[in-house]
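Notes to accompany the following structure.
No lab work stands behind these numbers, since they all come straight from the coordinates. Source: prediction; values computed, not measured. Methodologically, a virtual Cβ is constructed for each residue, glycine included, from the backbone with ideal geometry; neighbour enumeration extends over all protein chains shown.
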Amino acid sequence: MDSGLKQRKRVARIALPTAALLLVGGAVTVQSIGSAAAAETTLRAAAANAGLFFGVAASPGRLTSIVGQEFNQLTPENDMKPATIATSSGALQNTGNADTLVNYAQSNNMLVRGHTMVWHSQAGALQGASQATLNTFIGNALNRWGNRIAYWDVVNEALGDNNTGSRRTQWPHTLNRDANGDGDFFDTGDTDVIRDSFIRAKQVVQAGGLTTKLCINDYDVEGLTVQGGTPNRKANALYDIVRNYRQYIDCVGFQAHFNDNPNSIITNDLQANIQRFADLGVEVHITELDIDDDLSNNDIGAGQAENYRKVVRACLNVAKCTGITVWGIADSESWRSSERGLLFTGGSGNYQKKAAYTAVLDELNKGRVPVNPTSPASTTTPPTTPPTTPPVTPSVPPTTPPNPTPGCSATVSLNSWTGGFVATVKVTAGSAPINGWSVQLTLPSGAAVTNAWNANRSGSSGAVQFGNVSYNGRLNAGQSTEFGFQGTGAAGNLSPVCTAS
Ligand code: 9MR
């Protein structure tokens, strides 16, 4: 993290059903949803039952028995950063500590998150390097550990502070060129260090047949809004990056260093923000969780525990939120020890559980509870079997009249705040299967759609039309799917009209 974040906070004082976890080639698979098992007594076991990993950041000096007992994922807190392992030509050096951590993880059946490749901070000898040299480093780092690393943070903290939604201006972002001056780096002719780094990483993964997943990671991107209800422009910018480069990006990390900076608080729309990224098809992870005691008026008992519970629940409620990592074991060993933001007190291998630990364990043990049981989040995932399987001809004539008229209905639920909203639209087929749908709704004047997911959109204000995308048009009788959109202004009362084809 930009050291400025901590600095800002200190100086200005402004103002953070169960499933089985399978480790398949280093990746997490949520296997099945069943009935709740007996309460587990470690974070890793409870998380595995709920179909996610629960990890910790550590260095070799912190590898006491608690690490393997409580956690099933490990992030090197500092030992895989370019400052430690990169030479100025992008070769590797000093990989001993990283190897120790990877070996420990392997022996304790833990996933590893590589952290991190392209970052403006702690770049060491790589500072100021060209894209070609960054690409060399990306290839070397990926190939060095191969599938022993399940997830790699390819790009870290690419976006600027203070909720501007802009890219950082420091190297490596000085490698960016906005050819047509339209303020983004997505056009033909533009140069984008994010895109080019992910393209390189994806090539290496494909060439080596690796299962390693490629992530983008940032902080202050957790809520749809920030304190006071202002849209979270940094989160929106990250969303645009992931949407534009979806073919290269597999996962998104919300660092979740929650504190009393207005951009870093825990908002009620955390889950909706996780969901909109998940709806793009990427895995979402909470990657560096710690929760400042200031967020509960220095109540590091029930207040902090409640905040931890909220964050864990938001992740559990989204099927593609597949892991949570806390940024250290004990308060005393944290990068911001005075804020007492972790799950244990004590130190040096002698740790005591805090109320926050008990809350996290308890919440994990409750498992994933779908918010809307009639439309699980998996409806947004393209079906793995062809949707056109011919129906088996019934041997007995149907008792209901044949060929009922295809039809559909739609309902909207809104999450509004001052100046904007997110709408989730549920489309349900009538008494006959449908092959496609379109939904029209009329926005009041002053309201406009800024982006949509799981639907093709035409129009942005007044009468706006949404059509199905390739994987969610075909619905059986009575079956539902969901799409969403984000807008500015006030949505008012929306009356969607659904037409089936
Ligand atoms: O926790 C890390 C601390 O020990 C280092 O001194 C610091 C140097 O920048 O990095 C800390 O980890 C950061 C992580 O790599 C990226 N996100 C913010 C984390 C906290 O600053």
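When only alpha carbons of the stretch 87-143 are considered, Rg and Dmax amount to 12.6, 38 Å. Placing unit charges on the Cβ atoms only, positive for Lys and Arg and negative for Asp and Glu, gives the stretch 77-176 a dipole magnitude near 180 debye about its Cα centre. Taking label points 7 Å from Cα along the Cα-to-Cβ direction, SER130 and PHE186 give a separation of 2.9 nm. Per-residue Cβ neighbour counts within 10 Å put TRP171, TRP152, TRP327, TRP335 in the sequence TRP171, TRP335, TRP327, TRP152, beginning with the fewest.
With N set to the number of residues, divide the alpha-carbon radius of gyration of the stretch 234-327 by 2.2 N^0.38 Å and report two decimals.
Details: Rg = 13.6 Å, N = 94, 2.2 N^0.38 = 12.4 Å.
So the stretch 234-327 has a normalised radius of gyration of 1.10.
Counting only Cβ charges, +1 for Lys and Arg and -1 for Asp and Glu, the dipole size of the stretch 130-286 around its Cα centre is about 540 debye.
Look at the dipole of the stretch 25-171 built from charges on Cβ: of VAL102, PHE137, ALA45, the Cα furthest out on the positive end belongs to PHE137.
With r defined as the distance between the Cβ atoms of ASN350 and GLN106 and R0 fixed at 22 Å, what FRET efficiency is calculated, to the nearest 0.05? Could you put the intermediate results ahead of the total?
Numbers: r = 26 Å, r/R0 = 1.18.
Rounded to the nearest 0.05, the efficiency is 0.25.
This ranking places SER495, SER334 by how few other beta-carbon atoms lie within 10 Å of each, fewest first, which gives SER495, SER334.
Taking all Cα pairs closer than 8 Å and separated by 6 or more residues, the relative contact order of the stretch 412-501 comes to 44 percent. Annotation: aspartates and glutamates with alpha-carbon distance below 16 angstrom to LYS426 (same-chain offsets under eight excluded): ASP279, GLU482. Rounded to the nearest whole Hz, the Karplus-based 3J(HN,Hα) values (6.51 cos²θ - 1.76 cosθ + 1.60, θ = phi - 60°) of the stretch 154-159 follow the sequence 6, 10, 10, 6, 7, 9, with x at glycine and proline.
Taking a sphere under 15 Å around the Cβ of ASP190 and counting the other residues whose Cβ falls inside, with K and R at +1 and D and E at -1, yields a net charge of -4.
Near GLY124, within a Cβ-to-Cβ distance under 15 Å, what is the net charge of the other residues, with Lys and Arg +1 and Asp and Glu -1? Before the final figure, lay out each step's value.
Values: positive: LYS81; negative: ASP79.
Surrounding charge for GLY124 is 0.
For VAL155, VAL449, the sequence from fewest to most other C-beta atoms within 10 Å is VAL449, VAL155. With the cut-off at under 20 Å, measuring from each backbone N in the stretch 436-455 to a point 7 Å along the Cα-to-Cβ line of SER501 picks out 436-442, 452-455.
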